[in-house]
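What follows is a short report on a single structure.
The values are calculated or read from the model by the stated rules, or taken from the named source; none is laboratory data. Not measured: the values here are computed from a predicted model. All Cβ positions, even for glycine, are placed from backbone atoms using ideal geometry, and neighbour counts span all protein chains on display.
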C-alpha cells in the first residue's frame, strides 16, 4: 500500500501526512514543484520519516506534470490518492480559482486514473453548498443553490468533476472553516476569523476588558481545528465500503459569529460584544428570515455600494471586504453520517472555547505582522545583530521572532541547543536569518567563552537583550536555611548579566552605536512581599546599569531598563495562583522589548509601577501596610512550604487584589 498526496506542504496536508506516518504503513509520495524541493526536504526532516518521497510535478500541468516513467513504475501501487492542493482564499479572483481548484482537480483525476489508484480523496469545502436555505446533509450536492463568489463556485465545480468524471472510486470531504491546531494553536496563514484578530488586538490595547461593546448579529458560522480535520480524513479514508460518499467535517452545532468573536476577545483580554438583539428578543424569531436584523445587515453588506464602502473603510484594518460579506453560513450542515462513521474512534470536534486561547497566542506570537510593517522598526533593526538571552521560550523567543520579522538578525542564547535550533529553523523557514549560541548564563566562565565566540563570529553586536532570569517566590521566614536562593538569583540575574555586558563592551566601543535592554521587573518599583531574592537581583542590575550608563554614553553605548509587569511565561508556571491572575502575554511583553530597541528610552514602565514608586516615596508607611495586607492574603506556595497543595482559602480576595494591582508579582 502506498499513498499519493497533493498539497502536502499546505496546512491541512502537513497534518494529514503526519497522521499517515504515525498510523499507516507504506510509502507516501508527495507532489512538489522543482522550485520547492528545498522546503519539502525541510518538512520531511520535521516529519522524521524516510517513507515520505517527493515527486516533482505541477498542479497547473496535465497529469500534474509527473514524469510518465514514474507513473508507469507505480501504476496499481497507489491505494489512496489524496487531493488537497487548491486555493483556500475568499479574496482570490475567478481566473486563479479556476486554475487551482477546477483545472487542478481535473489534472489530479488524470493522474489518479493513470496510476489506477484505489480511491481518489477530494478535499472540497462546505462552500460547495453556497447559500442553500435550510439543512444541507451529506447526501446533497446540486440543489440549485446560489454560489455567491468565485471560491464557492469553483469548490462546487471541482466536486462536480470528481463525482462525474473520476476514473477511480472517490470520496469527498467538506471541511468548514479550518483554524489552527487545538493543542498547539499552530496555523500557517491569516485566514477566516484570523482577519479580525488585529482589530481585537487594537481593542485590547485601547479599551478595558470590562467595557461592553454593541453586538450585531452576523448569523452563524462553523470552525473546526486542523488536527480534527486531518485525523477524521485519515480515519474515514480507510473505512471499508464508503466510496461515493461525502463527509461533512464540521462542528455539529452552528456557532454564532458574535459568540466566536467573543471567545477570541476573552482569550485576548479585549472587551466583548453584547448579545445581539436577535438572540435575546424572542418576538423577533417570528419575523421572516429576510426581515430579521441580522439577515438585513448581512444582505446589505453584500450590495455593491456597501462593498465599495467596505473597501475604503474596513479593508484598511486588514479585513478584506469579501470576508466581511461571507462571515456567516446560510445553510446548516448535517454531519450525522460523519459522526456515525467516527463513532468509537475517539475523534470528535473539540469545543471552540477549549482552544481559542491557543489560537490567539499562536497568532499573536507568530502571525501578527504589525512589527514587520512598522517603518521605524524596520529602519532600526534591519540587518542588525540582536543578542537575546533566554531565547528558547517566553519573552525571549517571541522577541526573536519579531526581530526577524522586522529584518533584524536574532542571535539566540540559552542553555538548550535543541530548542534554539528549532527556533532558528522557524525563522529561516519564514525567510529570516538567526544564529545559535548555547550557553549556561549562570556559569561565568561559560559567559566569557560566549563573549569570545560572539565577537569572533559576528560582524557586530548592535543590540543586547538581557532577558534570561530566575524568579524565586518565598517569604523571608521560610528562607533562613535557603541562602542559596539569594546566591542563585544574583548569579544569573545580576552577575551573569553584567559579566555578559562587560564582555561585549570592547566590541561595542568600536561600533559606537550599541544598545542594551535589561528586562527588569515591576517589583523593583512596587516591592511585593515574598520576592526579596528576585527583586533585589533585578534592582542590582538596574542600579549598575544606571551608574555605568553615564560612563559609556560617550562610547555610543546606551541602556533601557524595562520594569516588566507579570507575564504568562514558563517562569511563573510553578506558582499556581498565577493561573487566575491578569497577566500580559509574551507577545505583549515582546512588543515592549521592541519599543526599547527602537526608541532607546532610559526606562519603560507601567502606570501602576510608577504609582508604586511614587507611593513608596510619598507615603512609605501606607505603602508597606498595603503590602503587608497582600502578604497575608497571598500564601507561600506549596513548593516554598515543602508540602502538598496550595490552600484555596481567601481566593476571592486574592483575585480582587490581583485585578486591582494588575501586573504585580504577588
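Of note:
- Residues in the range 414-433 that are under 19 Å from residue 375 (Cα atoms) and at pLDDT 95 or above: 432 alone.
- Summed over the range 535-554, residues that are more than 14 Å from residue 467 (Cα to Cα) and under 33 Å from the mean Cα position of the chain (by Cα) total 1.
- Residue satisfying all of: in the range 1-14; more than 11 Å from residue 43 (Cα to Cα) and surrounded by 21 or more Cβ atoms within 10 Å (Cβ to Cβ); modelled with the lowest pLDDT among these: 11
- Of the helices (runs of 4 or more DSSP H) lying entirely inside the range 576-639, the ones with 3 or more residues being crowded, with 18+ Cβ neighbours inside 10 Å and out of contact with any helix residue (DSSP H, G or I) (no Cβ under 6 Å at 6 or more places or on another chain) are found at 586-599.
- Residues being over 18 Å from residue 249 (Cβ atoms) and surrounded by fewer than 24 Cβ atoms within 10 Å (Cβ to Cβ) - total across the range 116-129: 2
- Single residue of the range 334-379 satisfying the filter (touching a strand residue (DSSP E or B) at 6+ places or on another chain (Cβ under 9 Å) and outside any helix (DSSP H, G or I)) that is farthest from residue 134 (Cα to Cα): 355
- Scanning the range 534-557 for residues that are surrounded by fewer than 17 Cβ atoms within 10 Å (Cβ to Cβ) and not in a helix (DSSP H, G or I) yields one hit, 556.
- Any hit, the range 643-661, residues being at pLDDT 85 or above, in a loop (DSSP other than H, G, I, E, B) and farther than 23 Å from residue 477 by Cα: yes
Residue-by-condition table, conditions (1) in contact with a helix residue (DSSP H, G or I) (Cβ under 8 Å, 6 or more places away or on another chain); (2) over 30 Å from residue 375 (Cα atoms); (3) surrounded by 17 or more Cβ atoms within 10 Å (Cβ to Cβ):
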| site | (1), (2), (3) |
| --- | --- |
| 404 | yes, no, yes |
| 438 | yes, yes, yes |
| 496 | yes, yes, yes |
| 503 | yes, yes, yes |
| 512 | yes, no, no |
| 521 | yes, no, yes |
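Okay, residues lined up against (1) free of Cβ contacts under 8 Å to residues at least 12 places away in the same chain; (2) touching a strand residue (DSSP E or B) at 6+ places or on another chain (Cβ under 7 Å):
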residue	(1), (2)
381	no, no
419	no, no
423	no, yes
429	no, no
432	no, no
440	no, no
453	no, no
465	no, yes
483	yes, no
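- Which listed residue is more than 26 Å from residue 39 (Cα to Cα), modelled with pLDDT of 95 or more and in contact with a strand residue (DSSP E or B) (Cβ under 8 Å, 6 or more places away or on another chain), from 387, 436, 411: 387
- Meets criteria (in a loop (DSSP other than H, G, I, E, B) and either modelled with pLDDT of 95 or more or crowded, with 16+ Cβ neighbours inside 10 Å (or both)) for residue 449: no
- Selected residue (only one of 78, 71, 56 is under 29 Å from residue 25 (Cα atoms), buried (at least 19 other Cβ atoms within 10 Å of the Cβ) and touching a helix residue (DSSP H, G or I) at 6+ places or on another chain (Cβ under 6 Å)): 78
- Count of residues meeting criterion [outside any helix (DSSP H, G or I) and either more than 22 Å from the chain's Cα centre (by Cα) or without any contact (Cβ under 8 Å) to a residue 60 or more places away in the chain (or both)] in the range 251-266: 4
- For the range 32-47, the criterion of being in the same structural domain as residue 10 (by TED's automatic domain parsing), under 27 Å from residue 422 (Cα atoms) and over 28 Å from the mean Cα position of the chain (by Cα) is met by at least one residue.
- Residue 2 vs. criteria in the same structural domain as residue 152 (by TED's automatic domain parsing) and free of Cβ contacts under 8 Å to residues at least 12 places away in the same chain: no
- Of all residues in the range 238-253, those being surrounded by fewer than 21 Cβ atoms within 10 Å (Cβ to Cβ), in contact with a helix residue (DSSP H, G or I) (Cβ under 9 Å, 6 or more places away or on another chain) and more than 24 Å from residue 24 (Cα to Cα) number 1.
- Residue in the range 76-84 that is assigned to a loop (DSSP other than H, G, I, E, B), closer than 22 Å to residue 22 by Cβ, modelled with pLDDT of 90 or more and touching a strand residue (DSSP E or B) at 6+ places or on another chain (Cβ under 8 Å) present: yes
- Residue match in the range 200-221 (condition: closer than 30 Å to residue 119 by Cα, modelled with pLDDT of 90 or more and out of contact with any helix residue (DSSP H, G or I) (no Cβ under 6 Å at 6 or more places or on another chain)): no
- Scanning the range 19-31 for residues that are surrounded by fewer than 20 Cβ atoms within 10 Å (Cβ to Cβ) and not in a loop (DSSP other than H, G, I, E, B) yields 19, 21, 22, 23.
- Hits in the range 452-478 - residues which are crowded, with 18+ Cβ neighbours inside 10 Å and in a loop (DSSP other than H, G, I, E, B): 461, 462, 467, 468, 469, 470, 471, 472, 473, 474
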